[in-house]
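Asker: Here it is: the structure, laid out below.
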Amino acid sequence: MRLEGKVALISGGARGMGAAEARLFAREGASVVIGDLLEEEGRQVEAQIGEAGGHAIFIRLDVTSESDWSDAVAAAVSRFGKLDILVNNAGVSSGGASGARTKVEDTTVEAWDRVMDVNAKGVFLGTKAAIPEMRRAGGGSIINISSIYGLVGSDGGSAYHASKGAVRLLTKSTAIQYAGEGIRANSVHPGFIDTPMTAATLADPERNRSLIARTPVGRLGVPDDVAYGVLFLASDESSFMTGSELVIDGGWTAQ
Ligand code: NAP
């Protein structure tokens, strides 16, 4: 029970990596608040955790809304008594429904704003809302899900790269500002993981083959590959880690 007695809030926890983290955290003894826009999927994760003997509640959370964040943090405190862990996981891959990986010239202002709002402002608002309760709890752990695309560039997805780079540096400044209060902040940088976000890309056999070929371990990631890293950062096992970057990418950025 690596998270026994802890209370965690996970944004974007209804599916993909966030849902894997919610299930794993609950198995390790945490009480979990699942915040997402996707109510049906979120309630399913809530029910699965309950059926397995864990503790979880779903709350509708739009990470771009400051008042939604206040409500989510308040729900953690009113239901479970405190907040120890925040996983800023919610994210979108691009501004368009097509998921097109646009170059700078082809990126619309609307697409840029949408991606920055969810991926960067969402992390800022979540962090801002969680810190007072973590202070009251005597400390906490904030885990911000960036990406390998917050570390290196690629031939498209300009706004996504900018947003994930912002997450990386917001994490480090949060870490420095609150280290003295026992509040840690670390970023996680997944490579290509098989989730609903990447489903369309991975359904293209040629793209799938080429992504695997570029990944030294010879496979794409699964949500639990990332969830176990997030678990470590959430737990007291990582108490000397803050402001650091955990890369979980099958060796992609080591090349
Ligand atoms: P996912 O399956 O699409 O899950 C993301 C979740 O976030 C979805 O439930 C999504 O709901 C939710 N979300 C989006 N906008 C939101 C908002 N405004 N408020 C609240 N929730 C919102 O994606 P994933 O692959 O698990 O990604 C999780 C995180 O890892 C993201 O930050 C992503 O950028 C990052 N990441 C993913 C990969 C990868 O290969 N999959 C690699 C590196 C980093 P909707 O469907 O309603 O949008």
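Asker: Once you charge only the Cβ atoms, +1 for Lys and Arg and -1 for Asp and Glu, what is the size of the charge dipole of the stretch 103-234 about its Cα centre, to the nearest 20 debye? Spell out each step's value before the answer.
Answerer: On the way: 14 positive and 13 negative charges, 95 e Å.
Roughly 460 debye, rounded to the nearest 20.
Asker: Taking the Cα centre of the chain as the origin and placing charges on Cβ (Lys, Arg +1; Asp, Glu -1), which of LEU211, GLN48, SER239 is farthest toward the positive end of the dipole?
Answerer: SER239
Asker: Tell me the mean residue ellipticity at 222 nm calculated for the chain from its helices only (DSSP H runs of n ≥ 4, each -39500 (n - 2.57), averaged over every residue, nearest 500).
Answerer: Working: 9 runs with 109 residues, N = 255.
So the helix-based figure for the chain works out to -13500 deg cm²/dmol.
Asker: Which angle from 0 to 90°, rounded to the nearest 10, does the C-alpha axis of helix 16-27 make with the longest principal axis of the chain?
Answerer: 30
Asker: Separate question: Give me the accessible area per residue for the stretch 7-241, probe 1.4 Å, as a whole number in Å².
Answerer: 44
Asker: Could you rank the peptides 111-122, 224-235 by their average count of other C-beta atoms within 10 Å per residue, with the highest value first?
Answerer: Working: 111-122: 20.0, 224-235: 21.7.
Packing order, densest peptide first, comes out as 224-235, 111-122.
Asker: Each label point is 7 Å from the Cα along the Cα-to-Cβ direction; what then is the distance between the points at GLU110 and GLN44, in nm?
Answerer: Result: 3.0 nm between the two label points.
Asker: Along the positive direction of the dipole of the chain (beta-carbon charges: Lys, Arg +1; Asp, Glu -1; about the Cα centre), which of ILE131, GLN255, TRP69 reaches farthest?
Answerer: Highest projection toward the positive end goes to GLN255.
Asker: I would also like to ask the following. Quick one: 3J(HN,Hα) in Hz for the stretch 87-93, Karplus 6.51/-1.76/1.60 with θ = phi - 60°, rounded, Gly and Pro as x.
Answerer: Values per residue, Gly and Pro as x: 10, 7, 9, 4, x, 10, 7 Hz.
Asker: Place a +1 charge on the Cβ of each Lys and Arg in the chain and a -1 charge on the Cβ of each Asp and Glu, then give the dipole magnitude about the Cα centre in debye, rounded to the nearest 20.
Answerer: Numbers: 24 positive and 31 negative charges, 96 e Å.
Using only the charged Cβ atoms, the result is roughly 460 debye.
Asker: Further question on the same structure: Angle between the Cα long axis of helix 122-137 and the longest principal axis of the chain, 0 to 90 degrees, nearest 10?
Answerer: Computed tilt is about 20 degrees.
Asker: Over all directions, the average projected area of the alpha-carbon convex hull for the chain comes to how many nm²? Before the final figure, lay out each step's value.
Answerer: On the way: hull surface 51.8 nm².
Quarter of the Cα hull surface area: 13.0 nm².
Asker: Also: What angle, in degrees between 0 and 90 and rounded to the nearest 10, separates the Cα long axis of helix 66-80 from the longest principal axis of the Cα atoms of the chain?
Answerer: Helix 66-80 sits at roughly 50 degrees to that axis.
Asker: Let me ask something else about it. Tally up the carbon and sulfur contribution to the accessible surface of the chain as a whole percent, 1.4 Å probe, everything protein left in place.
Answerer: For the chain, the apolar C and S fraction of the accessible surface comes to 52 percent.
Asker: Can I ask one more? Given the C-alpha atoms of the stretch 154-246, compute the convex hull and give its volume per residue in Å³.
Answerer: Values: hull volume 10.5 nm³, N = 93.
Output value, Cα hull per residue: 113 Å³.
The values are calculated or read from the model by the stated rules, or taken from the named source; none is laboratory data. Quantities reported herein were computed from a predicted structural model and do not represent experimental measurements. Cβ atoms come from the backbone with ideal geometry, glycine included; neighbour counts cover every protein chain shown. Each accessible area value is taken on the protein alone, full model and side chains, heavy atoms only, with ligands, DNA and RNA left out. Shrake-Rupley method; radii C 1.70, N 1.55, O 1.52, S 1.80 Å.
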